[in-house]
Structure formats: C-alpha cells, structure tokens
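One structure is given here, and the rest of the page talks about it.
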Amino acid sequence: MSESFLKAPVPQSVRLIDFTDVKIVPGFVPKTWILIVSGMKPYLNMQVELSPLIYITRPDYWGIEVIGRLHGIGLPALAPYSVAIPLDGITGKKGIEVIGATKKQKYPVPPKAKKSGKKK
C-alpha cells in the first residue's frame, strides 16, 4: 500500500458498526463460501457493507470490516441488517476475522463441522 494512501484523510460518513451474528455458508459452486453478518444498525437509513482489508501478502485471517454509511441526514432508529459477501479471494490461510465497532472475531474457512450430540 502506498504511503500517500495511508496518510490520506479518513472519511467522516463511514463508521465501523457492531454485529451480533456471523454465518459462513456454502456457495452455489463447490468449495466456495459466503459470509453473512447481521445485527442492529443505529440509523434507519444507514447502508451496511462488508469491506475486506487490503493486504500485500495473504494473512492467516483476512480482516473484513462491518461498516455503516450515511447519505445525508441520519434517521435515528434501530433497525436490523443482514449483509453478505462471497469469500472468493478474500480468505486468509486459516480463515477470516470479522471486525466491528467493539469486537473482532476469527472464523475458520471452511467452517468446522458441528459435532452431533447423539451417542451411538
């Protein structure tokens, strides 16, 4: 990443926002995965996006930020959101890290299979 890019001013219309649920589900093509993140947004008219970080080399966990973007005046009211992004080309060696305003969580990709609680 160029030094001038890193020193550029930070936008004021975009903020990290919190998430409550993360799912990694199979894509339509074998061995592909889709990340689904959901939670509550603080403004009714806020657009929520998943924004992968930029790396020079592939990290162990690829960071994906949950960002909220406002256009114009924000209408303050809690509203649910759910956003998705295909993980093709944005998966680290071990998986991904979802980055919100107050927490970060790492997830393996492909996800580990859940163990059945049944005894045979």
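Taking the Cα centre of the stretch 3-108 as origin, work out the dipole magnitude from +1 charges on Lys and Arg Cβ and -1 charges on Asp and Glu Cβ, in debye rounded to 20.
Working: 12 positive and 8 negative charges, 35 e Å.
Here the stretch 3-108 has a charge dipole of around 160 debye.
What is the gain in length, in nm to one decimal, between Leu44 and Asp21 on full extension, counting 0.36 nm per residue of separation less the C-alpha to C-alpha distance?
Length gained between Leu44 and Asp21: 6.4 nm.
Working only with C-alpha atoms, what are the Rg and Dmax values of the stretch 62-101, expressed in angstrom?
Radius of gyration, then largest Cα-Cα span, for the stretch 62-101: 13.7, 41 Å.
Could you order the peptides 58-71, 93-106, 2-15 from most to least packed, using the average number of other C-beta atoms within 10 Å per residue?
58-71, 93-106, 2-15
Of the listed peptides 41-53, 20-32, 78-90, what is their order by residue-averaged count of other C-beta atoms within 10 Å, with the highest listed first?
The peptides rank, most packed first, as 41-53, 78-90, 20-32.
Taking H placed 1.01 Å from N in the peptide plane, check which residues at least 5 places from Gly92 or on another chain put their amide H under 5 Å from its amide H.
For Gly92, the qualifying residues are Trp62.
All of the numbers you see were taken from the coordinates with simple rules; none came from a lab. Computed from a predicted structure; not experimentally measured. Here Cβ is always computed from backbone atoms with ideal geometry, including for glycine, and neighbour counts include all displayed protein chains.
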